[in-house]
Every structure is written in C-alpha cells, then in structure tokens.
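Q: Take this structure, written in structure tokens, and hold onto it; I'll ask about it next.
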Ligand code: TYD
C-alpha cells in the first residue's frame, strides 16, 4: 500500500482568486488542535528526520514546492507538494524528511495534538527497531 495519501481540497475560486477551507473531520481527517508553518527554508537544508508515536498530520504546501520522503520501516516513498489545494496525510509512526524546498516555499502543517517533544522519535535506528517489531 502506498504511503502517499493525498487529500484534494475543493478550491472555492472566482475572478478574485482562490480560497481553500480546511475543517476538522470534514476535509481534514481529525480534530485540528495545532497549526504551524515553515518558511524561509533553503533547498540544501532538509528538515524533519523524525517520526511521531501518535501524532497525525496533514501537510499543505501553500506556496512554492518541496519534497516529502516517507518511510514506514519497510518502504520509502517521496512525493512533491506543489499545489496548495492538496494535503498530504501523514499517519503516526511514519519517518519523514522534507527537502528540495523552493525559495518561496511555505509549508503548513495541521496536527491533531499540541506540541509534545515526548511524542517524537528522532533516531532513525530507534524507529527502524520499533517498526521491525511491528512487522513481525
Ligand atoms: P523541529 O522539530 O526541529 O522542526 P522540523 O521537524 O521541521 O525539522 O522544530 C524546530 C523547533 O521548533 C524545535 O525547537 C521544536 C519547536 N517546535 C515547537 O515549539 N512547536 C511546534 O509545534 C513544532 C512543530 C516545533
């Protein structure tokens, strides 16, 4: 099964421009508890390099483009986000790395929980070990 779970948002556009509305448990598959966004990234400075024990997220590249690598311990897949009307759902226990940011990239993340450092798995070896137990 592919790790790339894209959600297409309806774009409410008219001659004045586009508008996209994101709503908990409607076009976002969880209760939104936190929103954060990243900008000013450099293409040669990748970010992420972690998984979450419980957190679910939807990533939306609201400007520019970037690539997201996902890894569930068995397979790795990379997707490019370049459309502000598309969200990438990332479930818990998925290792992710964000890279190849365009100069104008703004990456917004919706999450179903408040920031909690104890929910992070920041070591790839630890992640691989946890997932090898899962996959047995
Ligand atoms: P970090 O996890 O390193 O970002 P990335 O996953 O993109 O590489 O986060 C950068 C800093 O911001 C780090 O000190 C943790 C802090 N932070 C918060 O305080 N709240 C948040 O919601 C997030 C995502 C990060």
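Q: Being touching a residue at least 12 places away in the same chain (Cβ under 8 Å), within 13 Å of the ligand (Cβ to nearest atom) and over 14 Å from residue 108 (Cβ atoms): is that true of residue 39 here? Full working, then the answer.
A: Values: touching a residue at least 12 places away in the same chain (Cβ under 8 Å): yes; within 13 Å of the ligand (Cβ to nearest atom): yes; over 14 Å from residue 108 (Cβ atoms): no.
So residue 39 does not fit the description; no.
Q: Would you tally the residues in the range 42-65 being within 11 Å of the ligand (Cβ to nearest atom) and under 19 Å from residue 87 (Cα atoms)? I'd like the intermediate steps shown before the answer.
A: Keep residues of the range 42-65 that are within 11 Å of the ligand (Cβ to nearest atom), which gives 45-52, 55, 57, 59.
After this cut, where a residue has to be under 19 Å from residue 87 (Cα atoms) as well, the list is 47-48, 51-52, 55, 57, 59.
Total satisfying the criteria: 7.
Q: For the structure I just gave you, tell me whether residue 75 is out of contact with any strand residue (DSSP E or B) (no Cβ under 8 Å at 6 or more places or on another chain) and modelled with pLDDT of 95 or more. First the steps, then the outcome.
A: On the way: out of contact with any strand residue (DSSP E or B) (no Cβ under 8 Å at 6 or more places or on another chain): yes; modelled with pLDDT of 95 or more: yes.
Yes: the conditions hold for residue 75.
Q: For residue 127, work out the one condition from (1) more than 12 Å from the ligand (Cβ to nearest atom); (2) in contact (Cβ under 8 Å) with a residue 40 or more places away in the chain; (3) within 14 Å of the chain's Cα centre (by Cα); (4) crowded, with 16+ Cβ neighbours inside 10 Å it doesn't fulfil.
A: (3)
Q: So, one more: For the range 1-41, how many residues meet the condition of being assigned to a strand (DSSP E or B) and within 19 Å of residue 83 (Cα to Cα)? Outline the logic, then answer.
A: Residues of the range 1-41 assigned to a strand (DSSP E or B): 5-8, 14, 17, 24, 28, 34-39.
Next, only the ones that are within 19 Å of residue 83 (Cα to Cα) stay: 5-8, 14, 17, 28, 35-39.
Total satisfying the criteria: 12.
Q: May I pose another question? Filter the range 56-80 down to residues that are more than 11 Å from the chain's Cα centre (by Cα), surrounded by 15 or more Cβ atoms within 10 Å (Cβ to Cβ) and in a loop (DSSP other than H, G, I, E, B), then give me how many there are.
A: 4
Q: Can you go through 119, 83, 100 and tell me which one is surrounded by 13 or more Cβ atoms within 10 Å (Cβ to Cβ), within 13 Å of the ligand (Cβ to nearest atom) and in contact (Cβ under 8 Å) with a residue 12 or more places away in the chain? Lay out the reasoning, then the answer.
A: Values: 83 fails: within 13 Å of the ligand (Cβ to nearest atom); 100 fails: within 13 Å of the ligand (Cβ to nearest atom).
Of the residues listed, the single one that is surrounded by 13 or more Cβ atoms within 10 Å (Cβ to Cβ), within 13 Å of the ligand (Cβ to nearest atom) and in contact (Cβ under 8 Å) with a residue 12 or more places away in the chain is 119.
The values are calculated or read from the model by the stated rules, or taken from the named source; none is laboratory data. The shown structure was predicted, so the numbers you read here are calculated from the model rather than taken from an experiment. We place every Cβ from the backbone using ideal geometry, glycine too, and count neighbours over all the protein chains shown.
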